[in-house]
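Contents: one structure, followed by commentary.
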Amino acid sequence: MRLDQFAAGGGGEIAEARVEAKSHFEIVTHSPAETLEFGRTLALEFGSPCLVLLEGDLGSGKTTLTKGIISGLGLAREDEVTSPSFTLVHEYGREKKAYHVDLYRIEGQREMATLGLDELFSQSAVVIIEWGEKLGDDRSGPYIRIKMEYLASEDRKITVERLES
Ligand code: ADP
Ligand code: MG
């Protein structure tokens, strides 16, 4: 499914909606499977390097979306992508790479520094960061911000923005 079809399914009026072309994109998914599928579709829009910051409460679907993205990139199966909430950074792929980071447990600049994010940012990789808002100014250049919101037990609103710095 393409992003414009998601837009149509979500009641959108836009026929040509692509994250690439638009700086703002919004959908509501109605199951984990739909979020996975949206992640797979979204992945097709990502170049590399690419920084993706995921925001949203616990249980809003950040890890679920990341499973879709990493499988959409062709770097692992969905069930091979697990939450890095304890391990902090997971790496996928060899030549083409993605990193999945979780900042939930990270407190303060010193802990942040131990993650070696600068080294990840210097690579030609897709870097996906849960609780990305904690990153603050520890990054530069363009990035994609994805906000996930709990609407109801199976409904999540997903807002994707492409930002310049
Ligand atoms: P986070 O990483 O933001 O804490 P997870 O992806 O780990 O969130 O968990 C989301 C939970 O919500 C999972 O248990 C998932 O099955 C459930 N869920 C229900 N509906 C959806 C949906 N539409 N999209 C994503 N997850 C959903
Ligand atoms: Mg998570």
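The values are calculated or read from the model by the stated rules, or taken from the named source; none is laboratory data. Just so we're clear, the structure is a prediction, and the values are computed from it rather than from any experiment. Every residue, glycine among them, receives a Cβ derived from its backbone with ideal geometry; neighbour counts consider all protein chains shown. These area figures cover heavy atoms from the full protein model, side chains too; ligands, DNA and RNA do not enter into them. Shrake-Rupley method; radii C 1.70, N 1.55, O 1.52, S 1.80 Å.
So the values come out like this:
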item	result
Failed item in (1) open to solvent by 10 Å² or more (accessible area, probe 1.4 Å); (2) within 13 Å of ligand 1 (Cβ to nearest atom); (3) in contact with a Lys or Arg (Cβ under 8 Å, 6 or more places away or on another chain); (4) not in a strand (DSSP E or B), with THR82 passing the rest	(3)
ARG105 vs. criteria touching a Ser or Thr at 6+ places or on another chain (Cβ under 9 Å), more than 20 Å from ARG40 (Cβ to Cβ) and without any contact (Cβ under 8 Å) to a residue 40 or more places away in the chain	yes
Those residues of the range 106-165 which are within 16 Å of ligand 1 (Cβ to nearest atom), under 20 Å from THR82 (Cβ atoms) and small (Gly, Ala, Ser), in sequence order	GLY132
Positions within the range 1-46 being among the charged types (D, E, K, R), modelled with pLDDT of 90 or more and part of a loop (DSSP other than H, G, I, E, B), in sequence order	GLU45
Matching residues, the range 123-138, being more than 16 Å from ligand 2 (Cβ to nearest atom) and either crowded, with 17+ Cβ neighbours inside 10 Å or within 14 Å of the chain's Cα centre (by Cα) (or both)	ALA125, VAL126
Sole residue being touching a helix residue (DSSP H, G or I) at 6+ places or on another chain (Cβ under 9 Å) and under 11 Å from GLU130 (Cα atoms), chosen from THR82, THR66, THR35	THR66
Options SER71, SER60: the member that is outside any loop (DSSP other than H, G, I, E, B), modelled with pLDDT of 95 or more, surrounded by fewer than 22 Cβ atoms within 10 Å (Cβ to Cβ) and small (Gly, Ala, Ser)	SER71
Pair list, Cβ under 8 Å, 6 or more apart: the range 21-46 residue farther than 13 Å from ILE144 by Cβ, other residue at pLDDT below 95 and surrounded by fewer than 16 Cβ atoms within 10 Å (Cβ to Cβ)	ILE27/GLY9; GLU37/MET1; THR41/MET1; THR41/ARG2
Residue check for PRO49: surrounded by 15 or more Cβ atoms within 10 Å (Cβ to Cβ) and within 16 Å of ligand 2 (Cβ to nearest atom)	no
Failed criterion for LEU115 (all others in (1) at pLDDT below 95; (2) within 25 Å of THR41 (Cβ to Cβ) hold)	(2)
